[in-house]
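Everything on this sheet refers to the single structure shown next.
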Amino acid sequence: MNILSSSVRYSFLLFFFLLTACGPLQETVNPYNENFKCRARDDVGECIDTPTAYKKARYPEPVSGEEVEPPTGITREIQDNQYRLVAGLLQEEKKPLLQPPKILRVLLLPYKGEDDELFMSRYVYVKIEDSKWILTDLTEE
(Lines give C-alpha, C1' and ligand atoms only; values in the text may rest on other atoms or scores of the structure.)
Protein backbone atom coordinates (compact mmCIF):
# COMPACT_ATOMS: atom_id res chain seq x y z
CA MET A 1 0.00 0.00 0.00
CA ASN A 2 2.93 2.27 0.72
CA ILE A 3 4.33 1.50 -2.74
CA LEU A 4 1.02 2.43 -4.38
CA SER A 5 0.76 5.74 -2.54
CA SER A 6 4.35 6.68 -3.43
CA SER A 7 3.74 5.94 -7.13
CA VAL A 8 0.57 8.06 -7.03
CA ARG A 9 2.51 10.81 -5.29
CA TYR A 10 5.29 10.70 -7.93
CA SER A 11 2.82 10.64 -10.80
CA PHE A 12 1.04 13.67 -9.28
CA LEU A 13 4.36 15.52 -8.99
CA LEU A 14 5.28 14.58 -12.56
CA PHE A 15 1.88 15.79 -13.79
CA PHE A 16 2.30 19.06 -11.86
CA PHE A 17 5.76 19.68 -13.35
CA LEU A 18 4.46 18.98 -16.84
CA LEU A 19 1.65 21.49 -16.39
CA THR A 20 3.93 24.20 -15.08
CA ALA A 21 6.46 23.59 -17.85
CA CYS A 22 3.98 24.46 -20.63
CA GLY A 23 4.59 28.21 -20.16
CA PRO A 24 8.37 28.09 -20.62
CA LEU A 25 7.92 25.44 -23.33
CA GLN A 26 5.98 27.89 -25.49
CA GLU A 27 8.70 30.50 -25.07
CA THR A 28 11.32 27.91 -25.95
CA VAL A 29 9.53 26.81 -29.12
CA ASN A 30 8.59 30.36 -30.21
CA PRO A 31 10.85 32.90 -28.50
CA TYR A 32 9.45 35.85 -30.50
CA ASN A 33 6.78 38.10 -29.11
CA GLU A 34 3.79 37.91 -31.43
CA ASN A 35 2.14 41.10 -30.16
CA PHE A 36 4.92 43.48 -31.18
CA LYS A 37 4.58 47.23 -31.32
CA CYS A 38 5.92 48.89 -34.42
CA ARG A 39 8.48 51.59 -33.78
CA ALA A 40 9.02 52.60 -37.39
CA ARG A 41 8.40 56.13 -38.60
CA ASP A 42 5.46 56.80 -40.90
CA ASP A 43 7.67 57.74 -43.85
CA VAL A 44 9.61 54.45 -43.67
CA GLY A 45 6.76 52.06 -44.35
CA GLU A 46 4.01 50.05 -42.71
CA CYS A 47 4.16 47.75 -39.72
CA ILE A 48 2.04 44.78 -40.72
CA ASP A 49 2.28 41.04 -40.30
CA THR A 50 3.72 38.82 -43.02
CA PRO A 51 0.47 37.40 -44.48
CA THR A 52 -0.98 40.89 -44.84
CA ALA A 53 2.23 42.19 -46.45
CA TYR A 54 2.12 39.30 -48.94
CA LYS A 55 -1.51 40.01 -49.84
CA LYS A 56 -0.78 43.71 -50.32
CA ALA A 57 2.22 42.94 -52.54
CA ARG A 58 0.42 40.27 -54.55
CA TYR A 59 -2.92 42.06 -54.96
CA PRO A 60 -2.30 45.81 -54.67
CA GLU A 61 -5.28 48.06 -54.09
CA PRO A 62 -5.76 50.93 -56.53
CA VAL A 63 -4.91 54.35 -55.16
CA SER A 64 -8.12 56.22 -54.35
CA GLY A 65 -7.15 59.50 -56.05
CA GLU A 66 -5.75 57.80 -59.14
CA GLU A 67 -8.16 56.66 -61.81
CA VAL A 68 -7.15 54.60 -64.81
CA GLU A 69 -8.52 56.24 -67.91
CA PRO A 70 -9.36 54.08 -70.90
CA PRO A 71 -7.34 54.96 -73.98
CA THR A 72 -9.03 57.42 -76.33
CA GLY A 73 -8.47 58.80 -79.79
CA ILE A 74 -5.37 57.69 -81.64
CA THR A 75 -4.13 55.48 -78.78
CA ARG A 76 -7.38 53.51 -78.85
CA GLU A 77 -7.18 53.13 -82.63
CA ILE A 78 -3.57 51.84 -82.46
CA GLN A 79 -4.50 49.29 -79.81
CA ASP A 80 -7.51 48.11 -81.82
CA ASN A 81 -5.34 47.66 -84.92
CA GLN A 82 -2.77 45.65 -82.92
CA TYR A 83 -5.50 43.43 -81.48
CA ARG A 84 -6.98 42.83 -84.96
CA LEU A 85 -3.54 41.94 -86.33
CA VAL A 86 -2.86 39.43 -83.55
CA ALA A 87 -6.37 37.96 -83.81
CA GLY A 88 -5.88 37.52 -87.56
CA LEU A 89 -2.56 35.71 -87.04
CA LEU A 90 -4.12 33.40 -84.47
CA GLN A 91 -7.03 32.50 -86.77
CA GLU A 92 -4.80 31.55 -89.72
CA GLU A 93 -4.17 27.86 -90.26
CA LYS A 94 -0.47 28.29 -90.92
CA LYS A 95 1.25 30.81 -88.75
CA PRO A 96 4.65 32.21 -89.74
CA LEU A 97 7.24 31.50 -87.06
CA LEU A 98 10.82 32.64 -86.83
CA GLN A 99 13.18 30.01 -85.51
CA PRO A 100 15.90 31.69 -83.43
CA PRO A 101 19.54 31.29 -84.47
CA LYS A 102 21.62 28.57 -82.84
CA ILE A 103 24.39 30.09 -80.75
CA LEU A 104 27.31 28.13 -79.29
CA ARG A 105 29.04 29.44 -76.17
CA VAL A 106 32.69 28.39 -75.96
CA LEU A 107 34.81 28.79 -72.82
CA LEU A 108 38.43 29.65 -73.49
CA LEU A 109 40.61 28.72 -70.52
CA PRO A 110 43.61 30.86 -69.54
CA TYR A 111 46.72 30.32 -71.66
CA LYS A 112 50.12 31.88 -72.33
CA GLY A 113 50.75 33.43 -75.75
CA GLU A 114 53.87 33.34 -77.92
CA ASP A 115 55.42 36.54 -76.49
CA ASP A 116 54.64 35.69 -72.84
CA GLU A 117 51.20 37.30 -72.98
CA LEU A 118 48.64 35.95 -70.55
CA PHE A 119 45.16 35.41 -71.96
CA MET A 120 42.58 34.95 -69.18
CA SER A 121 39.47 32.80 -69.43
CA ARG A 122 36.54 34.21 -71.37
CA TYR A 123 33.53 33.15 -73.39
CA VAL A 124 33.27 33.35 -77.16
CA TYR A 125 29.84 33.16 -78.81
CA VAL A 126 29.66 31.63 -82.27
CA LYS A 127 26.57 31.63 -84.49
CA ILE A 128 26.22 28.06 -85.75
CA GLU A 129 22.97 28.46 -87.66
CA ASP A 130 21.08 31.59 -88.80
CA SER A 131 17.46 32.22 -87.91
CA LYS A 132 14.92 31.02 -90.43
CA TRP A 133 11.23 31.17 -91.12
CA ILE A 134 9.27 27.97 -90.61
CA LEU A 135 5.64 27.03 -91.31
CA THR A 136 5.25 29.38 -94.26
CA ASP A 137 4.22 29.07 -97.87
CA LEU A 138 7.34 30.89 -99.07
CA THR A 139 9.48 28.93 -101.48
CA GLU A 140 13.12 29.73 -101.97
CA GLU A 141 14.31 30.28 -105.52
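The values are calculated or read from the model by the stated rules, or taken from the named source; none is laboratory data. This structure is a prediction, so every number in the text was calculated from the model and none was measured. Every residue, glycine as well, gets a Cβ built from its backbone with ideal geometry; the counts of neighbours run over all protein chains shown.
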Cβ-Cβ distance below 7 Å, separation of 6 or more or different chains: which pairs start in region 85-102 with a residue that is closer than 27 Å to Val126 by Cβ and end on one that is among the charged types (D, E, K, R) and in a strand (DSSP E or B)?
Gln99/Lys132; Pro101/Lys127; Pro101/Glu129; Lys102/Glu129
Just the residues that are in a loop (DSSP other than H, G, I, E, B) and surrounded by 11 or more Cβ atoms within 10 Å (Cβ to Cβ), please, taken from region 96-120.
Pro96, Pro101
Restricting attention to region 90-108, which residues are at pLDDT 75 or above, in contact with a strand residue (DSSP E or B) (Cβ under 9 Å, 6 or more places away or on another chain) and not basic (Lys, Arg)?
Leu97, Leu98, Gln99, Pro101, Ile103, Leu104, Val106, Leu107, Leu108
